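Take a look at the structure below.
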Amino acid sequence: MLAKHVRALRIWLGVVALLVVAMILVGGATRLTNSGLSITEWQPIMGAIPPLNEADWQKAFAAYQKIPQYSELNQGMSLGEFKTIFWWEWAHRFLGRFIGVVFFVPFAIFWAIGYIPRTFLPRLLGLFVLGGLQGALGWYMVKSGLVDRIDVSQYRLAAHFGVALSILGYTLWLLFGLGHEGRVGHTATGSRARALVAGGILALVFLQLLAGALVAGLDAGMGYNTWPLINGAFVPSGLYEASPWYLNLFENPLTVQFDHRMIGYSVVVASLAQLAWLALRKAPTPLIGTAMTLALVALLQATLGVWTLLLAVPIQLGLAHQAGAVAVFAASVYHFWMATHTPQSGMASQARASA
C-alpha cells in the first residue's frame, strides 16, 4: 500500500473513530438527562428532519405524552422542557446517521480510485454492516421503554453500549494496522504470553464497561453513595435477595453496583501487575510504554468513578466517567494490538542488523 494511501485511510478512519467516541458521549448525555424516549418513532431517513413548526412540535409532544415515562415521571412537562430532551435524542440519532455518511462516502471514493487493498475491503464492509445493525439495536432498545416501563431495558442498554464499543475497537484495530500488513509479533512463548495477558485485560475492561452500562440502566449509581464501604460493609448483605440468584447480577441495583466496583478494582490491579511483569521480563520499551499508559488511565478512571459515586452521579461527572471508560478501552485495545505486533527485543535487534 502506497504511503499516500495509508495516510488518507488513517485520516478517514481516525475521523470515524472520533465520531464514534462523540456518539458514545452524546448517548451518555441522553441517558443522564432521561432524553432517550423523547422520540417515539424510528424513521431512518425522514427522522433526520426535526420538527419545523409549532404543529410538528405539538405532534411530537403528543406522541411522547402517550408513553409511561411522561405519565409517571414527567407529568405536566411543558413544551419547552420537552424540546430540551427531544434535542438530545435527535442529536444522538443524527450523529449516528452522520457517521454512516462519513464512513460510506469516503469508502466509496477510496474504493473507486484504488486506495483500498482487496484484503482490506471485507473488513471495512463488515464495519459498515456492524454500524447499520447498531442503529437497529438502538431502536430495539428504545422500544423497551415505550410500553410498560419508564426507561429502557438495562439488558438492551448494555447490548447497545457493547456494540458501540465493538465498533470503536474494530475501527481502532483497523487504524492501527494500516501500513503494518503482515507485521506480527514473534511466536516465541514470551510473545504469546504477552498477547494472552493483554487480551485478558482487554476482555476484563470490556466486561467492566458492560457492568457500567447495567449500573446506568438501573440507576444503581444513584444509591449506596459511600466508599470504600457499600451499605456499611465492604461486602454488603442483600447481594442475593432476588430469586433465582443469577438475576441479582443483572436486576439487583446493590449487586450490580458491587460487581462494578469489584471488576473495577480487578482492572486496576491487573493493569499494574501486567506493567510490573513486563518490566521484570524486560519486554520491548514500546510495549512497556503502552502498559504504563493503560495502568495510569485505569487508575485515573477508578478515582473519577469514586468521585462520581460520592456525588451521586452529577451529569458533568457522569459524562467524564464515561469518557474515561472509553479512554481505558482504547488504551487496552492499543496495548493488545502492540502485544500482538511487537517482536521480542532480540528478534527486533536481529531485524535491524540484517536490514
With just the Cα atoms defining each centre, how far is the range 306-329 from the range 24-67? Give it in Å.
25
When we measure straight from the Cα of LYS83, which lysines land under 21 angstrom away, once same-chain ones fewer than 8 places off are left out?
LYS59, LYS66, LYS143
Could you quote the convex hull projected area for the range 234-283, Cα atoms only and averaged over all directions, in nm²?
4.4
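With charges only on Cβ, +1 for K and R and -1 for D and E, what is the dipole size of the range 1-87 about its Cα centre, in debye, rounded to 20? Walk me through the intermediate numbers first.
Values: 7 positive and 5 negative charges, 121 e Å.
I would put it at about 580 debye.
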Relative pair counts by distance (%), Cα atoms of the range 1-54, 5 Å bins
4, 14, 12, 16, 17, 11, 9, 7, 6, 2, 0
Name the GluC sites (Glu not before Pro) in the range 19-74 that are in a loop by DSSP and that have at most 15 other C-beta atoms within 10 Å, would you?
GLU41
³J(HN,Hα) across the range 49-66 via Karplus (A = 6.51, B = -1.76, C = 1.60, θ = phi - 60°), whole Hz, x for Gly/Pro?
9, x, x, 10, 8, 4, 5, 5, 5, 5, 5, 5, 5, 4, 5, 5, 5, 8
Quickly work out the ALA193-to-VAL129 label distance, labels modelled 7 Å from Cα along the C-beta direction, and quote it in nm with one decimal.
3.9
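Between beta-carbons, use under 14 Å as the cut-off and find the net charge around ILE315, counting Lys and Arg +1, Asp and Glu -1.
Once positives and negatives cancel, what remains is 0.
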Taking the Cα centre of the range 9-114 as the origin and placing charges on Cβ (Lys, Arg +1; Asp, Glu -1), which of PRO44, VAL105, TYR70 is farthest toward the positive end of the dipole?
VAL105
Log entry: pair-distance distribution for the range 228-345, C-alpha pairs binned every 5 Å from zero, whole % per bin is 2, 11, 16, 17, 16, 13, 11, 7, 5, 2, 0
Three principal axis lengths of the range 85-166 [C-alpha, angstrom, descending]
51, 25, 17
Tell me, what are the semi-axes, in whole angstrom and largest first, of the equivalent ellipsoid of the range 127-257 as set by the roots of 5 times the Cα gyration tensor eigenvalues?
34, 24, 11
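Explain nothing, just the number: dipole magnitude of the chain about its Cα centre with +1 on each Lys and Arg Cβ and -1 on each Asp and Glu Cβ, in debye rounded to the nearest 20. Please report the intermediate quantities before stating the final value.
Numbers: 21 positive and 13 negative charges, 322 e Å.
Here the size comes out at about 1540 debye.
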Tell me the net charge near GLN134. Cut-off is 14 Å between Cβ atoms, GLN134 excluded, with +1 for each Lys or Arg and -1 for each Asp or Glu.
+3
Within 10 Å, count the other beta carbons around each residue, average over each peptide in 141-149, 300-308, and list them highest first.
300-308, 141-149
Between SER243 and ALA48, 0.36 nm times their residue separation minus their Cα-Cα distance comes to what?
65.8 nm
Cα gyration tensor shape for the range 45-127, rounded if a/c is under 1.5, else prolate or oblate
prolate
If you add up the charges near LEU254, with Lys and Arg at +1 and Asp and Glu at -1, over every other residue whose beta carbon is less than 13 angstrom from its beta carbon, what do you get?
-3
If you take the charge dipole of the chain about its Cα centre, with +1 on Lys and Arg Cβ and -1 on Asp and Glu Cβ, which of PHE258, LEU172, THR308 is farthest toward its positive end?
LEU172
Candidates ALA273, ALA213, ALA242: whichever shows maximal mean-square fluctuation once the chain is modelled as a Gaussian network with Cα springs under 10 Å:
ALA242
Suppose R0 equals 35 Å. What FRET efficiency, 1/(1 + (r/R0)^6) with r the Cβ-Cβ distance, do SER166 and GLN58 give to the nearest 0.05?
0.35
Tabulate in residue order the Karplus-calculated ³J(HN,Hα) for the range 33-46, using 6.51 cos²θ - 1.76 cosθ + 1.60 with θ = phi - 60°, rounded to whole Hz; enter x for Gly and Pro.
9, 6, 9, x, 9, 6, 10, 9, 10, 10, 10, x, 9, 5
Label-zone membership for the range 130-173, site MET222, 7 angstrom Cα→C-beta point, backbone N under 19 Å:
142, 144-158
Using only the alpha-carbon atoms, how far is helix 345-354 inclined from the longest principal axis of the chain? Give it as 0 to 90 degrees, nearest 10.
60
Out of LEU95, PHE82, PHE61, whose Cα points farthest toward the positive end of the dipole of the range 1-117 (charges: +1 Lys, Arg; -1 Asp, Glu; placed on Cβ)?
LEU95
Hey, what number do you get for the chain at 222 nm if only DSSP H runs of n ≥ 4 count, each worth -39500 (n - 2.57), divided across all residues, to the nearest 500?
-24500 deg cm²/dmol
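Throughout, read-outs are computed from the coordinates displayed, never taken from laboratory work. Computed from a prediction, not measured in an experiment: that's the story for all the values here. Methodologically, a virtual Cβ is constructed for each residue, glycine included, from the backbone with ideal geometry; neighbour enumeration extends over all protein chains shown.
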